[in-house]
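The structure appears below as C-alpha cells.
The values are calculated or read from the model by the stated rules, or taken from the named source; none is laboratory data. Model, not experiment: these values are computed from the prediction. Neighbour counts are summed over all protein chains in view; Cβ atoms, including those assigned to glycine, are modelled from backbone coordinates with ideal geometry. Please note that ligands, DNA and RNA were not included when accessible areas were found on the heavy atoms of the full protein model with its side chains. Shrake-Rupley method; radii C 1.70, N 1.55, O 1.52, S 1.80 Å.
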Amino acid sequence: MKRTVLLSLVGACATLCAHAQFGGNQMPSDGNPSHTILLYKEYTDNAAPAITVFLPEKEKATGAACVICPGGGMMSLSWDGEFMQLARFLNERGIAAIGLRYTLRNNPRVAQEQAQQNAGIGSGMSGASGKRLQATITETDKLVKANCNPVPGVEDVSVTLAITDAIKAMQVIRSHAKEWNLDPAKIGYVGYSAGGGVAVGATVRATEQTMPGFLCSVYGPSLIDVDVPVQAPPLFIAVHADHPNVAAGCLALFLEWKKAGVDAEMHVYGRGTGGLFGGAGSSTDSPTSSGRWQETFYSWLSVNVLRK
C-alpha cells in the first residue's frame, strides 16, 4: 500500500487540533497538544494514523523526544492511562512527548490488506503451527528470534501496518526537528504492551535514516522475528516477572540485544502479571516498586541519551 506523508498541520482543522503549547501548570490532560499531524494524506477518517505532539517549555527543553506507542492489544489505544500520563511526566523534565495513533486490528484497512495477503498465499494461516504460545519467564527457549507472536508463523497484518506507521512517524518528526527544537539523534520510541511490539518492530526494520536514538519497551515483547540491526540503539525494558508470555518475550528481547553487543538494561519486577503498578504517572503509594518505573527510565534516559 503506497502512502504519502501529509506535511501540513491538521491544526488547520479545529476539530482535530488545538495549538496551545502546554507547560508549567498546563498538563497533557488539558487536551492542548502543540500539533497533530496525519501520517498519510489518503487517510482522513477518525482512524487515520497520526501523531499528537506535546512540547515542553522552551526553557526546559532538552532536545529529546519520546514517540509513545500506547498498548491495547492492537484493538484500542490506552491514550489517557499510558500516553497522557507519561507525556506529563516527560514534559515536566524537558522531554517532548509524541503520541502515535497507529493502525489497529479493527481498522477496515487491515481487512483489505489481510484479504490481499490471503489471496497471495492461499491462506492467512499458512506457516502457522496451530499452537498458541505459552511461556513463562523461565521458558524463553520456546521463542524463536524473540518473537512473542501468540500464533507463531503468522505475522499479524495490523502489526505490520502499525510498524510502518511508527517508521513513518519517525520520518515526519525528524522533518520537524528544527521547528520543534528537537535533536534528531535524541528521538526514540517508548512502547507499552502491544505498542511495545510496534516500537520494537519499527526499530528492527528501521533504515539508517529512521533508526531511533533509543528504545524503551514497557511490558511489550516483539511480535516479529528479531534480527538486531547493526546500528541498533540502547534498549530499556520494564516488565513483571509473572506476566504470561510477555515476561519471556521481554527477556528474550533483552538477550538478543546483548548477544548483538548492543547496550541493554532490563528491570524485572515481582508480584504482578499485567501493567506496572502506578501506571505511567508518579505513584507514591504503589503496592510494589514497579510504580516508580518511570523514574528509573528517566535515570536511564539521562545517562544514555540526555547527557550525550
Any idea how far apart ASP141 and ALA47 come out in nm if each label point goes 7 Å out from Cα toward Cβ?
-> 4.2
Residue by residue through the stretch 258-264, which ³J(HN,Hα) values in whole Hz follow from phi under the Karplus form 6.51 cos²θ - 1.76 cosθ + 1.60 (θ = phi - 60°), with glycine and proline marked x?
-> 5, 4, 7, x, 9, 4, 8
Reachable lysines from LYS168, Cα under 30 Å, same-chain residues fewer than 8 places away excluded?
-> LYS2, LYS41, LYS58, LYS60, LYS145, LYS178, LYS186, LYS258, LYS259, LYS308
P(r) of the stretch 187-260 in 10 Å steps, Cα pairs, percent per bin?
-> 22, 60, 16, 1
What is the distance in Å between the Cα centres of the stretch 143-204 and the stretch 79-118?
-> 10
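So with the 1.4 Å probe, I'd like the accessible area per residue for the stretch 153-232, rounded to whole Å². Each step should come with its number before you reach the end.
On the way: 2440 Å² over 80 residues.
Result: 30 Å² per residue.
Quick one: divide the alpha-carbon radius of gyration of the stretch 109-233 by 2.2 N^0.38 Å and tell me what you get. Let's see the in-between values first.
Numbers: Rg = 16.0 Å, N = 125, 2.2 N^0.38 = 13.8 Å.
Its radius of gyration relative to the 2.2 N^0.38 Å reference: 1.16.
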Tell me which residues come under 5 Å, amide H to amide H, from ALA264 once H is placed; ignore anything under 5 positions away on its chain.
-> LEU235
Please work out how much length the chain gains when fully extended from ASP225 to GLU208, using 0.36 nm per residue of separation minus the C-alpha to C-alpha distance, in nm with one decimal.
-> 4.2 nm
Cα extents of the stretch 41-103 per principal axis, largest first, Å, are 36, 26, 14
Along the Cα-to-Cβ line of GLN134, 7 Å from the Cα, sits a label point; which residues in the stretch 238-274 have backbone N less than 18 Å from it?
-> 242-249
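When the expected Rg is taken as 2.2 N^0.38 Å, what fraction or multiple of it is the alpha-carbon Rg of the stretch 171-214?
Details: Rg = 10.9 Å, N = 44, 2.2 N^0.38 = 9.3 Å.
Rg over 2.2 N^0.38 Å, computed on Cα atoms: 1.18.
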